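Heads up, the thing below is written out as structure tokens.
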Amino acid sequence: VQLVESGGGLVQAGGSLRLSCAGSGRTFSTDAMGWFRQAPGKERELIAAISWSGGTTYYAASVKGRFIISRDNEKNTVALQMNSLKPDDTAVYYCVTDTAYAKLLQGREADYWGQGTLVTVSS
């Protein structure tokens, strides 16, 4: 089972980036999916999650109104559209999946993790 993120990079404050995550090895169509991030010197935090159907989403207060999570179950992918980026958004972003949406919302662990992709927002 593998999750592979893409789309990270360097962007100026106020800009946008779109992260994508492709899953392989099994179908994730019945799993919750989400994105964590970890900034230098800070704890890892759950910033967005989406239920298996896409009908329920969660956003951390720090990104609500700026980030949008979406998924495509046919393609086994999840995406994170990041708008109005700020220097504080600089972090390594990790794609995750879990069979339990409620467990994912606890923001501590997940069944599967990607390797992470670095997002750097310059001021």
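The values are calculated or read from the model by the stated rules, or taken from the named source; none is laboratory data. Only a predicted model underlies this, so the values are computations on that prediction, with no experimental measurement involved. When we count neighbours, we look across all protein chains shown, and the Cβ atoms used for this are built from the backbone with ideal geometry, even at glycine. Note: areas computed on protein heavy atoms with side chains; ligands, DNA, RNA excluded. Shrake-Rupley method; radii C 1.70, N 1.55, O 1.52, S 1.80 Å.
From 29, 51, grab the single residue that is open to solvent by less than 70 Å² (accessible area, probe 1.4 Å), of a type outside the set (D, E, K, R) and out of contact with any strand residue (DSSP E or B) (no Cβ under 8 Å at 6 or more places or on another chain). Even if it seems obvious, please write down each step before you answer.
Working: 51 fails: out of contact with any strand residue (DSSP E or B) (no Cβ under 8 Å at 6 or more places or on another chain).
The unique qualifying residue is 29.
Can residue 118 be described as out of contact with any Ser or Thr (no Cβ under 9 Å at 6 or more places or on another chain) and either assigned to a strand (DSSP E or B) or open to solvent by 60 Å² or more (accessible area, probe 1.4 Å) (or both)?
On the way: out of contact with any Ser or Thr (no Cβ under 9 Å at 6 or more places or on another chain): no; either assigned to a strand (DSSP E or B) or open to solvent by 60 Å² or more (accessible area, probe 1.4 Å) (or both): yes.
When the stated conditions are applied, residue 118 does not pass them.
Looking at the structure I just gave you, is residue 10 open to solvent by less than 30 Å² (accessible area, probe 1.4 Å) and not in a loop (DSSP other than H, G, I, E, B)?
Numbers: open to solvent by less than 30 Å² (accessible area, probe 1.4 Å): no; not in a loop (DSSP other than H, G, I, E, B): yes.
Spelling it out, it is not the case that residue 10 is open to solvent by less than 30 Å² (accessible area, probe 1.4 Å) and not in a loop (DSSP other than H, G, I, E, B).
Before we move on, is residue 103 open to solvent by 50 Å² or more (accessible area, probe 1.4 Å), part of a loop (DSSP other than H, G, I, E, B) and more than 30 Å from residue 123 (Cα to Cα)? So that I can check it myself, show each step before the final result.
On the way: open to solvent by 50 Å² or more (accessible area, probe 1.4 Å): yes; part of a loop (DSSP other than H, G, I, E, B): no; more than 30 Å from residue 123 (Cα to Cα): yes.
When the stated conditions are applied, residue 103 does not pass them.
Residues in region 75-84: is at least one part of a strand (DSSP E or B), among the charged types (D, E, K, R) and either within 18 Å of residue 8 (Cβ to Cβ) or in contact (Cβ under 8 Å) with a residue 40 or more places away in the chain (or both)? Walk me through how you get there before you give the answer.
Residues of region 75-84 that are part of a strand (DSSP E or B), as a first pass: 77-82.
Narrowing further to those that are among the charged types (D, E, K, R): none.
Looking for residues that are part of a strand (DSSP E or B), among the charged types (D, E, K, R) and either within 18 Å of residue 8 (Cβ to Cβ) or in contact (Cβ under 8 Å) with a residue 40 or more places away in the chain (or both), one finds none in region 75-84, hence no.
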